[in-house]
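A.B. asks: One structure, pasted below without further comment.
The values are calculated or read from the model by the stated rules, or taken from the named source; none is laboratory data. What you see is a predicted model, and the numbers here were worked out from it, not measured in a lab. Positions of Cβ are backbone-derived with ideal geometry, glycine not excepted, and every protein chain shown enters the neighbour counts. Ligands, DNA and RNA are excluded from the accessible area calculation, which covers all protein heavy atoms including side chains. Shrake-Rupley method; radii C 1.70, N 1.55, O 1.52, S 1.80 Å.
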Amino acid sequence: MFRTKRILVTGGAGFLGSFLCDSLIADGHEVICLDNFHTGSRLNVHHLCDEPRFEIMRHDVTMPIHAEVDEIFNLACPASPVHYQTDPVQTVKTNVHGAINVLDLARRLKARVFQASTSEVYGNPLVHPQVESYAGNVNPIGHRACYDEGKRCAETLFFDFHRQYGLEIRVARIFNTYGPRMLPDDGRVVSNFIVQALRGDPLSIYGDGRQTRSFCFVDDLVRGFRALMDAPESVPMPINLGNPSEFTIRQLADLVIQMTGSRSIISHHPLPRDDPAQRRPDITRARQHLDWQPMIGLTEGLRRTIDYFEDRLSQGAPMRRIPARALPDASHRPQPVHANGGLA
Ligand code: NAD
Ligand code: UDP
């Protein structure tokens, strides 16, 4: 029988969090969207604000959280390398202190709690495709470590709270996901390429473009989140969620140019340090235990994402060019790409 739940979504005003809020509200639940608006935006949830079952709480997960809820989804954390490397110490705190605060709350409430973990826990993987039993190849002192090790420590905390206190946990390892509501200056590859192509700017490939990623459309991922949260305790964890179709970054650039009809050229920039050479999820576990697999291929997902950015950019938002300093420099450290001119 359906029961309305009161659900806390940390990072609820972000790209993935806002679609998760939509999905929970559409199913009749009450949602508290907690966010400090670091990379999220009120605009992402603006359409929910007249909904009496929806509430926004401005808060930082590094501080203790007070709320009365039945379930918690913990998504708070910048996900783009550009953003999580801007203040790496804060990124570690968000992951580790944030996890502790969320888990303490869940323990007090005896609430089921979901962690948005990441394929980055596999680092630069030596096993391909990545299966959940693979322990990874992470550089603990590199530029990505604040995120990778932060997320690994958060997983440790989730499993220790489960073993020590019997907390009901759900841990998803998310692979590269894209879609509408990404910020034009997010810095991740899909939004960068689409914005660049629509403006006729060169598409910035880091390195030779032979590195691979497997891109999942946001609707598929959110369906996976919901299936995992509602799955019985016996589901093995953690669980990979992503689209196993693998592409080189060069293939992605060519597809975006073709689909936008852009006259953009390709420009090459240094590869950021520790950039994983290949990434593809093994989703056997999700298929078997959640009956979940992605339904939306890259072309369809890109079509919907391009339409979104075309709309946003045609609404008269300033279209500043991506400054040269925004691309990886000799220090190989990605810098923010300020392309939205206030769009967010
Ligand atoms: P996003 O940057 O759009 O969303 C993150 C949200 O968390 C933002 O709204 C931001 O303001 C908020 N936030 C950041 N620090 C916070 C803090 N200290 N306190 C409260 N709120 C805070 O990124 P996203 O793509 O929506 O990612 C959501 C989650 O999923 C993240 O935890 C990310 O690590 C994880 N993830 C995403 C992907 C992906 O491809 N999108 C892949 C792997 C993991
Ligand atoms: N990338 C790129 N151009 C860009 C942004 C990213 O070539 O403008 C590359 C990046 O070096 C990486 C891949 O695209 O190899 C995916 O990068 P993203 O930041 O989207 O996610 P990651 O998987 O690295 O966290």
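A.B. asks: Which residue fluctuates the most in the chain, going by a Gaussian network model with Cα springs under 10 Å, if the choices are Ile265, Ile239, Ile100?
C.D. replies: Ile265
A.B. asks: By DSSP, what percent of the beta bridges with both residues in the chain are antiparallel, rounded to the nearest 5?
C.D. replies: 10
A.B. asks: If you don't mind, another one. Let me have the 222 nm mean residue ellipticity of the chain computed from DSSP H runs of 4+ only, each contributing -39500 (n - 2.57), with the sum over all residues rounded to the nearest 500.
C.D. replies: Values: 9 runs with 119 residues, N = 344.
The per-residue figure over the chain is -11000 deg cm²/dmol.
A.B. asks: Let me ask you something else. Accessible area per residue, 1.4 Å probe, Å², for the chain: what's the number?
C.D. replies: Solvent-accessible surface per residue comes out at 42 Å².
A.B. asks: On a 0 to 90 degree scale, rounded to 10, what angle separates helix 249-260 from the longest Cα axis of the chain?
C.D. replies: Helix 249-260 and the main axis of the chain meet at about 80 degrees.
A.B. asks: Here is a further query. Run the paramagnetic zone check for Asp307: 7 angstrom along Cα to Cβ, then residues of the stretch 202-222 with backbone nitrogen under 16 Å.
C.D. replies: 217-220
A.B. asks: Loop-only check: which trypsin sites (Lys or Arg not before Pro) in the stretch 103-174 are DSSP coil with at most 14 other Cβ within 10 angstrom?
C.D. replies: Lys110
A.B. asks: Pop out the carbon and sulfur fraction of the accessible area of the stretch 1-111 as a percent, whole number, probe 1.4 Å.
C.D. replies: Summing carbon and sulfur atoms, their accessible area is 53 percent of the total for the stretch 1-111.
A.B. asks: List the residues whose amide H sits under 5 Å from the amide H of Met182, counting only those 5 or more places along or on another chain, with H placed 1.01 Å from N in the peptide plane.
C.D. replies: Under 5 Å from the amide H of Met182: no residue qualifies.
A.B. asks: So, one more: For the chain, set up a Gaussian network in which alpha carbons nearer than 10 Å are linked by springs, and say which option among Cys216, Cys33, Cys49 fluctuates the most.
C.D. replies: Comparing Cys216, Cys33, Cys49 in the GNM, the peak value goes to Cys49.
A.B. asks: Along the charge dipole of the chain, which of Phe225, Gly142, Pro236 sits closest to the positive end, that is, farthest toward it, with unit charges on the beta carbon of Lys, Arg, Asp and Glu (+1, +1, -1, -1)?
C.D. replies: Looking along the dipole axis, the top candidate is Gly142.
A.B. asks: Within a Cβ distance under 14 Å of Asp282, other residues only, what is the Lys/Arg minus Asp/Glu net charge?
C.D. replies: Result for the neighbourhood of Asp282: +3.
A.B. asks: Across the stretch 145-152, in residue order, what do the Karplus-derived ³J(HN,Hα) couplings come to in whole Hz, using 6.51 cos²θ - 1.76 cosθ + 1.60 with θ = phi - 60° and x for Gly and Pro?
C.D. replies: 4, 4, 8, 4, 6, x, 5, 5
A.B. asks: Under a 5 Å amide H to amide H cut-off, with H placed in plane at 1.01 Å, what residues pair with Leu34 once short-range neighbours are removed?
C.D. replies: Counting only residues 5 or more places away or on other chains, the set is Val9, Thr10, Gly11, Gly12, Met57.
A.B. asks: Counting only GluC sites (Glu not before Pro) that sit in a DSSP loop (anything but H, G, I, E, B) with at most 16 other Cβ atoms within 10 Å, what is the longest stretch of the chain containing none of them?
C.D. replies: The longest such stretch corresponds to 234-344.
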